[in-house]
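Before any comments, here is the structure.
The values are calculated or read from the model by the stated rules, or taken from the named source; none is laboratory data. Here the structure is a predicted model, which is why all the values come from computation and not from measurement. For neighbour counting, all protein chains shown are included, and Cβ atoms are generated from backbone atoms with ideal geometry for every residue, glycine included. Remember, those area values only see protein heavy atoms, side chains included, never the ligands or the DNA or RNA. Shrake-Rupley method; radii C 1.70, N 1.55, O 1.52, S 1.80 Å.
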Amino acid sequence: MSDNDIYEMDSVCETEDLEGDFEMGMIDEEVVYPEEFLPTFYSIEEGSKVTKVQLAEFNDKPDSLFFNDGVRRIDFILVYEDEDKKDFEKRHTYQRRKRRREYFEASLMKMGMELEATQSVTDEKLMFVKVHMPWDVLCTYAEVLHIKLPIQPNDLSSRPSPWRHFSCITKYFYPNEDMISKETEYFTAPFEKDRLEYFYVRDRDLFFTPSMRSRMAYYILSRAPYETRGSIRKFGITKLLDGGVYKAAYPLHDCRFNVKSKEEGCPNERYLLYEEWAHPKSFYKMQPLNLIRKYYGEKIGIYFAWLGFYTMMLALAAVVGLGCFIYGYRTQETSTWSKEVCDPDIGGKIMMCPQCDRDCDYWRLNNTCEASKKLCIFDNFGTLVFAVFMSIWVTLFLEFWKRYQAELEYMWDTVEFLEQEEPSRPEYEAKCIYERKNPVTGIKEKVPYTACGRCFRVSIGISTVLFWILLILASIVAIIVYRLAAFFAFSAKLRAQDSLKELEPLKEYVTPQMATSVTASLISFVVIMILNILYERVAIWITDFELPRTKTDYENSLTLKMFLFQFVNYYSSCFYIAFAKGKAVGFPGDPVYLLGKYRNEECDPGGCLIELTTQLSIIMGGKAIWNNIQEVLLPWVKNLIFRYCTNVASEKVVPRWEQDYRLQSPSKLGLFYEYLEMVIQFGFVTLFVASFPLAPILALVNNLFEIRVDAWKITTQFRRIMPEKAQDIGAWQPILQGVAILAVATNAMIIAFTSDMIPRLVYYWSFSVYPYGDHPNNTMQGYINTSLSVFDINDFSNYSRPIVTRYSITTCRYRDFRFPPGHSREYEHNVYYWHVIAAKMAFIIVVEHIVYLTKFILSYMIPDVSYTVKEQIKREKYLTQVILHETNLKLVTKRLKPAADMIVKNTEANATQEELELDF
């Protein structure tokens with residue numbers, strides 16, 4: 001029989017008994033509280049049995065974690081508002097809520113939990129219900145949830161740290177061992193109540209950690225019924241919170257974050273986490289992952305372990321990226337092509353064709369001098385090396401993370417977590433009305449939908465996601481139209497003589513391309529943020545509608561939807577600049593138009609790479625600032641306002657549960673947004689790193705703050721997060737692997753199609769085969785002149801010809817590789833163009849194959865699980881099998897012993913009888 005079957009049987013019995021009590025009016029709906037709030041109780045009669053919810057007065061211990069008797073530990077807190085003190089007009093709604101609450105609490109007591117209620121010291125309307133799980137209940141649900149507990153101390157010596165010889169230095173980068181001592185390692189096994197004597201129980205009060213107790217308590221709270229109408233059974237604390245029956249439900253912090261608790265036996269883990277992890281002074285220290293896991297659960301622990309490992313690996317990428325940036329910065333003044341652009345005798349004499357119709361004038365190439373210098377910082381041969389390095393780096397990061405993750409899985413007892421039956425979500429169980437035969441067990445079970453219903457729900461979800469993705473693409477098209485219109489406007493404005501006088505100090509820096517790129521990037525960022533807010537609600541609604549069975553299925557489904565949306569939302573504008581802008585513009589005599597009206601946007605003569613860099617820096621910087629405002633400033637302001645509004649007189653002592661109630665409630669989606677933020681950042685760092693080598697160092701700085709900000713936030717500003725089990729980072733792992741594979745292709749194509757590196761290399765190496773320029777030697781001299789084609793201004797159409805011009809010229813130049821006017825194949829692509837195209841395609845194929853081969857070799861050479869961890873896993877399984885075998889053998893022996901004794905007695909009696917008969 002499965003755990004779900006056991007629960008359903010218990011739930012039905014409880015529901016039927018209590019429903020009858022409510023219908024017959026056996027439960028007193030009026031609870032009168034004395035003026036001095038003296039201890040009293042209300043009861044629910046079940047024949048001769050009476051269960052009680054104790055109403056106790058506060059015992060003046062601000063950090064007490066126990067019931068009023070000082071013995072029973074508080075495992076959970078429920079908060080509600082006293083309806084009897086409300087206005088008469090709303091009494092009917094409050095009475096219905098009260099009946100549900102009393103039914104729910106009675107269900108909890110019948111499931112074995114003990115409750116005690118106390119009034120708030122700051123607001124007489126607030127009531128706090130303390131929840132305690134007795135030892136037998138803990139043992140029962142520890143077995144139901146397959147919680148692994150110690151059976152024997154770990155007798156395998158761990159591998160010594162390679163940094164042990166430098167311990168005199170490294171000790172300052174680790175948490176203070178005097179405050180956070182190293183805990184003993186144990187071999188563990190799934191708990192079984194009948195075999196308690198084989199588990200390592202030194203103290204029953206400490207055998208189950210507070211996080212385990214809270215997790216088991218929440219499991220019961222999520223499945224306790226609160227109303228039954230016919231065949232419809234309603235249950236779960238989540239629904240009661242949404243319906244206003246309870247205002248909050250949370251486990252307790254063990255103390256104040258900045259003051260040690262004086263209660264006897266309090267571990268003060270929250271205080272230790274704040275001092276050695278969340279405090280700004282500890283920003284340089286390694287994270288106390290074992291304590292984080294112990295206090296907040298494996299799911300929080302694995303997130304911070306991943307974030308810390310990612311940040312540590314970013315340090316290497318940041319060093320190489322910074323070196324690439326410094327190399328580009330030092331060579332910008334010596335770059336041949338940038339010097340030619342800035343040279344008055346070269347760039348100053350090259351007249352460029354207008355980049356828009358009618359309103360734009362001719363312009364001199366040296367107007368883009370500063371932009372060309374900045375472009376050389378990011379578009380150089382060092383960028384190629386860095387892009388290849390990052391492709392290898394991302395492989396090393398993912399492979400070493402899987403290895404580290406396997407070690408954490410063993411240490412934190414989650415190796416077989418997914419192999420065990422994960423309980424269904426209460427929302428799923430509540431909708432189960434159809435029957436089907438389980439293909440694994442062969443037993444009939446209830447499901448919330450048929451096969452057709454499942455297909456219908458999934459189809460609706462996919463259609464909605466596609467609709468929103470198309471909406472994003474439509475917004476990108478609108479921004480492109482803005483870019484075209486803005487470029488024309490900036491070109492007309494900035495090229496006008498009067499405007500140039502006004503902008504004389506900035507005219508070298510404020511070009512039409514730069515002004516358009518900056519404003520379009522800002523608008524794109526605002527649109528991204530708005531669409532994020534809208535789609536977040538849509539994605540949650542779709543996932544709720546699909547009704548996944550388990551919480552893991554729910555999170556994976558939501559993760560996929562949100563990432564697809566965020567991928568298109570954040571990266572689409574970058575993909576447009578990298579691979580679409582300036583690629584289909586025609587030439588001045590025959591330009592390409594978008595929507596038949598707007599002339600397609602052209603790149604700067606040096607390429608679109610600098611615009612891609614601008615877009616990335618604005619989105620990454622703006623996203624980091626916005627996230628910090630949301631994650632830090634808003635919770636801090638909310639808590640500040642709440643404390644001000646509920647200011648308590650100094651003589652009143654606020655208990656632990658009420659202090660926690662004043663904190664912010666954690667998000668229902670938990671770490672989803674934290675992962676999403678980091679994965680989007682990972683995409684920026686890997687997908688477009690060829691255009692922005694500073695991305696890793698910006699990500700590193702952001703993550704160093706992110707770790708401490710997240711730690712500070714959950715430790716000081718939020719109620720204690722519900723501890724949850726997690727084996728790994730879930731659906732984010734394949735997403736990271738997919739991004740890593742895509743990053744190789746995008747960086748190769750950025751270097752090939754967005755940067756100007758391949759045309760330069762073709763020009764540089766082709767002097768002995770096909771000299772393109774006037775300098776057939778191994779230099780870059782003359783490259784600018786060769787990369788710009790010639791156009792006869794008489795070939796302008798009447799629609800494209802500039803209306804007013806200040807220059808008297810016959811030809812102008814434009815960025816392309818075409819034959820000049822007067823040639824037999826005028827304005828057609830020349831041989832240089834086809835050589836460049838061939839070189840680009842060859843570069844992409846060669847680089848991708850080399851990098852993918854290297855990634856495959858590295859993946860094969862680095863095992864996912866280290867040899868030491870494999871040994872410890874085998875040892876633990878062996879010990880578990882031995883213990884279970886010995887236990888089963890003893891049980892069988894114990895059962896057979898009475899029968900064996902009876903057989904022996906019968907045999908002896910028969911032998912005696914036979915002897916007597918023979919004697920006779």
Legend entry - Efficiency of FRET from Cβ geometry, SER866 and MET529, R₀ 45 Å, rounded to 0.05: 0.60
Legend entry - Protein accessible area in segment 449-493, 1.4 Å probe - carbon and sulfur %: 82 percent
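For HIS829, HIS253, HIS823, what's the largest-to-smallest order of accessible area, 1.4 Å probe? Could the numbers behind the result be given before it?
On the way: HIS829 45, HIS253 0, HIS823 70 Å².
Result of the area sort, largest leading: HIS823, HIS829, HIS253.
Just subtract the alpha-carbon distance of ILE460 and ASP792 from 0.36 nm times their residue separation and send over the number in nm, one decimal.
113.9 nm
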Legend entry - Solvent-accessible surface ranking, highest first, for MET841, MET113 at 1.4 angstrom: MET841, MET113
Inset, instruction - Scan segment 176-222 for trypsin sites (Lys or Arg not before Pro) in coil per DSSP, keeping those whose Cβ has at most 10 other Cβ atoms within 10 Å, and list them by number. - result: LYS182, ARG202
Legend entry - Accessible surface of segment 349-411, 1.4 Å probe, proportion on carbon and sulfur as whole %: 57 percent
Inset, instruction - Enter the accessible area of LEU634 (Å², nearest 10), with the probe set to 1.4 Å and all protein chains included. - result: 80 Å²
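What is the gain in length, in nm to one decimal, between ASP123 and THR805 on full extension, counting 0.36 nm per residue of separation less the C-alpha to C-alpha distance? Don't skip to the answer; put the middle values down first.
Working: separation 682, 0.36 × 682 = 245.52 nm, distance 7.71 nm.
Residue separation times 0.36 nm, minus the Cα-Cα distance, leaves 237.8 nm.
With r defined as the distance between the Cβ atoms of ASP590 and TYR219 and R0 fixed at 60 Å, what FRET efficiency is calculated, to the nearest 0.05?
On the way: r = 70 Å, r/R0 = 1.17.
The pair ASP590/TYR219 has a calculated efficiency of 0.30.
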Legend entry - Protection-proxy order for peptides 389-395, 313-319, each taking the mean of Cβ atoms within 10 Å per residue, highest first: 389-395, 313-319
Inset, instruction - Obtain the nm distance between the two label points defined at PHE545 and ARG73 by a simple spin-label model: each point lies 7 Å from its Cα along the Cα-to-C-beta direction. - result: 4.4 nm
Legend entry - Accessible area of VAL739 in the full protein assembly, 1.4 Å probe (Å², nearest 10): 10 Å²
Legend entry - Separation of the ARG96 and TYR764 label points, Cα + 7 Å toward Cβ, nm: 7.6 nm
Inset, instruction - Heads up, I need the accessible area for LEU252: 1.4 angstrom probe, whole protein in place, Å², nearest 10. - result: 10 Å²
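Sorted by accessible area (1.4 Å probe), largest first, how do PHE191, PHE400, PHE587 line up? The partial results should precede the final answer.
Values: PHE191 5, PHE400 80, PHE587 35 Å².
Ranked from most to least accessible, the order is PHE400, PHE587, PHE191.
Full-extension gain between ALA478 and GLU407, please, as 0.36 nm times their residue separation minus the C-alpha to C-alpha distance.
Gain on extension, ALA478 to GLU407, equals 20.7 nm.
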Legend entry - Principal axis dimensions, largest first and in whole angstrom, of segment 542-590 by Cα: 62, 16, 9
Inset, instruction - For segment 289-348, with all protein chains present and a 1.4 Å probe, just round the carbon and sulfur fraction of the accessible area to a whole percent. - result: 64 percent
Legend entry - Spacing of the two label points (7 Å from each Cα toward its C-beta) at PHE856 and ASN176, in nm: 5.4 nm
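Mind ranking 480-490, 97-107, 658-668 by how tightly packed they are, going by the mean number of other C-beta atoms within 10 angstrom, highest first? Please list the in-between numbers first.
Values: 480-490: 19.2, 97-107: 21.5, 658-668: 16.5.
Top to bottom by mean Cβ count within 10 Å: 97-107, 480-490, 658-668.
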Legend entry - Surface accessible to a 1.4 Å probe, per residue, for the residues of segment 536-604, Å²: 39 Å²
Legend entry - Equivalent ellipsoid semi-axes - Cα gyration tensor, segment 94-143, angstrom: 25, 15, 6
Legend entry - Range of Cα positions in segment 200-349 per principal axis (Å), largest first: 90, 47, 30
